[in-house]
1. Below 8 Å, C-alpha to C-alpha, sequence gap of six or more: please give me the relative contact order for the chain in percent.
2. Of the DSSP beta bridges with both residues in segment 13-122, give the percent that are antiparallel, rounding to the nearest 5.
3. Would you work out which of Leu225, Val9, Gly61 lies farthest towards the positive end of the dipole of the chain, given +1 charges on the beta-carbon of Lys and Arg and -1 on that of Asp and Glu, about the Cα centre?
4. From zero up to wherever the largest Cα-Cα distance of segment 221-278 sits, split into 10 Å bins and tell me the percent of pairs in each.
5. State the answer as a single residue: which of Val342, Gly309, Gln43 lies farthest towards the positive end of the charge dipole of the chain, with beta carbon charges of +1 for Lys and Arg and -1 for Asp and Glu, about the Cα centre.
6. Taking only the Cα atoms of segment 185-268, how large is their convex hull per residue, in Å³?
7. Please get the size of the charge dipole for segment 178-304, origin at its Cα centre, with Cβ charges of +1 on Lys and Arg and -1 on Asp and Glu, quoted in debye to the nearest 20.
8. Can you tell me the FRET efficiency between Leu19 and Arg281 if r is taken as the Cβ-Cβ distance and R0 is 25 Å, rounded to the nearest 0.05?
Amino acid sequence: MQWSVSIGVVKGTVIRVHLTFLLFLVWIGVSHYAQGGADAAVQGVAFILLLFACVLLHEFGHVFAARRYGIQTPDITLLPIGGVAQLERVPEKPAEELVVALAGPAVNVVIALGLALALGGLPSMDAGTQVQNPGVSLLGRLAWVNISLVLFNLIPAFPMDGGRVLRALLAYRLGYARATRIAAGVGQVVAFGLGLAGLFGNPVLIFIALFVYMGASSEASAIDLRERSRPFTVSDAGVTRFETLSPSSTVEDAVEHLLRTSQHDFPVVDGAGRMRGVVTRDDMIRALRERGPDTPVLDVMRRDVPVLGEGQPLEEALRIMQAGALPAIGIVDADGKLLGLVTPENVGELMMVQAARPQQPTPSGRPPTSVPPANPWARGTA
Ligand SMILES: [Zn+2]
């Protein structure tokens, strides 16, 4: 995520703080200072930091649950509206998704119970309704905040955890695709209700409604894309006419290709026809500015671009591209020679063409298969 700074690494997961979150802390500090001086400012900022420590622990609940199923999480980003854990893929079985989704709120239940025990019982509702009032005990307010985190996250709408719980429960009976569509529909209805409540009540709800609406829509369109890509192989969607660079090319050569063609990303192909990496437009512009036109492309290319065999399902390519935010995937023959490239633009074009065509058998005639869910999921918490 852009505009965020890393503040540490825990077991392979980088913790990032978005700059808007730092601004938010400054705003909390200043507004409390204006009301009650330095003491109030320290109290206010301390409370927000503790609150976000709970949000972070919530995200780590998801992270460690996902790790049990072999799913890594490269990073967690803290935003003023909550935390976002970027899982490299969605758990494939409903039971796994259920466990991963519930693990976050479960952490807040444990924190709330722990605080209630330490305080000798749950503090009065006052602490819950006056979370910003420094007159009410800090730990009491924190207990209530954790309870509201649980309730908020269990709203049955993407990208909230409750949306994933709902989909997992539906998927046991209806299959993944239908379950996603229904859960996304429920999410949009919930978003509409929240927005309406926001118009007549707390305006923050309008903001949350937008967030929920967009989450539900992107989840629905991701599943839609995967469904529609299912009959195709990578060869159906691949670009087969493209310019390449050689391992001895320089950034200047790459720039020339960029200006001469409509291509943005150029594979670097060695004498044996194998792809060594891909130079993207952003890579070459950055290299041109920072390192000069004579820099070898080998020094600036992305080496992590995977390749798939020509008969492989397109869906697999989409899964890999979405998980790694990759510019392209190589298509290779049995000897590892580069035959083509799958890029997001090309997949988009294939889908547009398919949507415009009357119903026809698919080019490769692959029967639809049952499909493991896969795309990075971002989730938010209050
Ligand atoms: Zn969560």
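Every number here is computed from the coordinates shown, using simple stated rules; none is lab data. Since the model is a prediction, treat every value here as computed from it, not as a measurement. Virtual Cβ from ideal backbone geometry, glycine too; neighbours counted across all protein chains shown.
1. About 16 percent, as a whole number.
2. That works out to approximately 55 percent antiparallel.
3. Value: Gly61.
4. Computed distribution, short to long bins: 19, 38, 25, 17, 1.
5. Gln43
6. Numbers: hull volume 13.1 nm³, N = 84.
Cα-based convex hull of segment 185-268, divided per residue, equals 156 Å³.
7. So the dipole magnitude of segment 178-304 works out to roughly 500 debye.
8. After rounding to 0.05, the efficiency reads 0.45.
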